[in-house]
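**Student:** A single structure is presented below for examination.
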Amino acid sequence: MARDVRGLARRLIVTADDFGLSGPVNEAVVRGFREGILRYASLMVAEPGAEEAVARARRECPGLGLGLHLVLCSGRAVLASSRDAGLAGADGRFPEDPVRCGLRYYFDRSLAGALEAEARAQFERFLAFGLRPGHVDGHLNIQVHPVVYPLVVRLSGEYGFGRVRLPGGEVRASLAFSGPGLWPRQLLEGAVFEALRTHLTRACAEPGVAVADRTFGLLRSGLMDEGYVLSALRSLGGGLSELYFHPSVEARGSGHHGLSDLETLLSPRVRRALDELGIDLVAPPR
């Protein structure tokens, strides 16, 4: 195992988001684990494919680490009371626009109780599947919201989830990539998330709840192609890193999902690079 100049081993978590969203996403997660480098997946507990996802994980993917993909925008609510409180519409779905949701959650503090109830219900739905508490992240990174993150950290500690995702450390690696560059909007988004990471890390901590040293996937969501990931791997310092993907077996899946992320997870070049660079692929605890 290679170490950086500080003597820290380079350890890597590889995660697929949106497990349970659809059959094509579920199939991609199974393939990514069985045939590739995928070791973790984040479950959307209220989506139509959630039960299938859990069943396939148990049947076909022993050793796949599952965590909660918290949904508070662009997805389905667990609680009917989330509709009554105005968090979700009559169809039981949160608004699609994460900016709209984020502004509402920040400025309308009367929603705090309903947000906690819905988040808690999603933690409990995850555990009701009979799953071991794992990691927590959020759909469209809603877990990084300044109102939501303290809640997520507290509930993670309460329910025994050991890691929460805080994206960061990706801007410099993306600028060093020789492939297609970032749009100004992506650079601005990256800078905002870096600032949020710094603030939230200092302001919110919970014993037993860890955060990776750096997390890649925000700036090229659904575009984690082989070239970019190889470049990112070469940039990794010591400590714990995470790469997260949105794989699907459909060429043009919904949202950020597609074949390119799956192809990267299955890439022999990526697997070989992990070995050559001495990066330890982290597996879930047994």
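**Student:** Counting only DSSP beta bridges with both residues in the range 1-159, what percent are antiparallel, rounded to the nearest 5?
**Tutor:** On the way: 2 of 12 bridges.
In the range 1-159, approximately 15 percent of DSSP beta bridges are antiparallel ones.
**Student:** Something else now. Under unit Cβ charges (Lys, Arg +1; Asp, Glu -1), what dipole magnitude, rounded to 20 debye, does the range 1-79 have relative to its Cα centre?
**Tutor:** Values: 11 positive and 9 negative charges, 99 e Å.
Charge dipole of the range 1-79: 480 debye, to the nearest 20.
**Student:** Specify which residue in the list Pro285, Phe33, Ala195 is farthest towards the positive end of the charge dipole of the chain, using unit charges on the beta carbon of Lys, Arg (+1) and Asp, Glu (-1), about the Cα centre.
**Tutor:** Positive-end residue among those listed: Pro285.
**Student:** Restricting to bridges with both residues inside the chain, how much of the DSSP beta-bridge set is antiparallel, in percent to the nearest 5? All intermediate terms of the calculation are to be shown ahead of the outcome.
**Tutor:** Numbers: 4 of 30 bridges.
Antiparallel bridges: around 15 percent, rounded to the nearest 5.
**Student:** Along the positive direction of the dipole of the range 42-162 (beta-carbon charges: Lys, Arg +1; Asp, Glu -1; about the Cα centre), which of Ala112, Ala128, Ala90 reaches farthest?
**Tutor:** Ala128
**Student:** Given a Förster distance of 22 Å, report the FRET efficiency between Ala283 and Ser231 from their Cβ-Cβ distance, rounded to the nearest 0.05. All intermediate terms of the calculation are to be shown ahead of the outcome.
**Tutor:** Numbers: r = 24 Å, r/R0 = 1.10.
It comes to 0.35.
**Student:** Let me ask you something else. Can you give the net charge of the other residues whose Cβ lies under 12 Å from the Cβ of Pro285, counting K and R as +1 and D and E as -1?
**Tutor:** Numbers: positive: Arg39, Arg132, Arg163, Arg286; negative: none.
Within the 12 Å Cβ shell, the charges total +4.
**Student:** Calculate, in whole percent, how much of the Cα-Cα pair population of the range 221-276 lies beyond 14 Å.
**Tutor:** Taking all Cα-Cα pairs of the range 221-276, the fraction more than 14 Å apart is 53 percent.
**Student:** Is there a quick way to get the dipole size of the chain? I mean about its Cα centre, with the Cβ of Lys and Arg at +1 and of Asp and Glu at -1; what is the value in debye to the nearest 20? Working shown, then result.
**Tutor:** On the way: 34 positive and 33 negative charges, 135 e Å.
Roughly 640 debye, rounded to the nearest 20.
**Student:** Suppose the chain between Ala205 and Ala80 were pulled fully straight at 0.36 nm per residue; how much longer would it get relative to their current alpha carbon spacing? Don't skip to the end; give the middle numbers.
**Tutor:** Details: separation 125, 0.36 × 125 = 45.00 nm, distance 3.09 nm.
That pair, Ala205 and Ala80, stretches by 41.9 nm at full extension.
**Student:** More than 28 angstrom separation, counting every C-alpha pair in the range 10-281; what % is that? Numbers along the way, then the final one.
**Tutor:** On the way: 11370 of 36856 pairs.
Above the 28 Å cut-off, the range 10-281 has 31 percent of its Cα pairs.
**Student:** Looking at Gly222, Ala80, Thr15, which one has the Cα that reaches farthest to the positive end of the dipole of the range 10-281 (charges on Cβ: Lys, Arg +1; Asp, Glu -1)?
**Tutor:** Final value for the positive-end residue is Thr15.
**Student:** Something else: So if I average 1/r over every pair of distinct C-alpha atoms in the range 1-92 and take the inverse, what Kirkwood radius in Å does that give? Write down the numbers at each step before the final one.
**Tutor:** On the way: mean 1/r = 0.0677 Å⁻¹.
Every distinct Cα pair counted, the radius reaches 14.8 Å.
**Student:** Here's a follow-up. Given the -39500 (n - 2.57) contribution per DSSP H run of 4+ residues, what per-residue ellipticity at 222 nm results for the chain, rounded to the nearest 500 deg cm²/dmol? Before the final figure, lay out the partial values.
**Tutor:** On the way: 11 runs with 121 residues, N = 286.
Mean residue ellipticity, 222 nm, calculated: -13000 deg cm²/dmol.
**Student:** So, with +1 on the Cβ of K and R and -1 on the Cβ of D and E, and no other charges, what is the size of the charge dipole of the range 108-150 about its Cα centre, to the nearest 20 debye?
**Tutor:** On the way: 4 positive and 5 negative charges, 25 e Å.
For the range 108-150, the charge dipole is close to 120 debye.
**Student:** With labels modelled as points extended 7 Å from the Cα through the Cβ direction, what inter-label distance (nm, one decimal) is found for Arg269 paired with Arg132?
**Tutor:** Result: 3.5 nm between the two label points.
**Student:** Okay, moving on. With label points built 7 Å along Cα→Cβ from the Cα atoms of Glu276 and Arg100, find their separation and express it in nm.
**Tutor:** Reported label-point gap for Glu276 and Arg100 is 4.7 nm.
**Student:** Could you state the per residue volume, in Å³, of the convex hull enclosing the Cα atoms of the range 46-109? Please report the intermediate quantities before stating the final value.
**Tutor:** Details: hull volume 6.4 nm³, N = 64.
Residue-normalised Cα hull volume stands at 100 Å³.
**Student:** Here's a follow-up. For a Förster distance of 30 Å, can you work out the FRET efficiency between the beta-carbons of Asp91 and Ala112, rounded to the nearest 0.05? Don't jump to the answer; show the numbers that get you there.
**Tutor:** Working: r = 24 Å, r/R0 = 0.79.
Given R0 = 30 Å and the Cβ-Cβ separation, E is 0.80.
**Student:** Name the cysteines of the chain that stand alone by the Cβ rule: no other cysteine Cβ under 4.7 angstrom.
**Tutor:** That list is Cys61, Cys204.
Coordinate-derived values only; no laboratory data. The model shown is predicted, which means the values in this text are computed figures rather than measured ones. Neighbour counts are summed over all protein chains in view; Cβ atoms, including those assigned to glycine, are modelled from backbone coordinates with ideal geometry.
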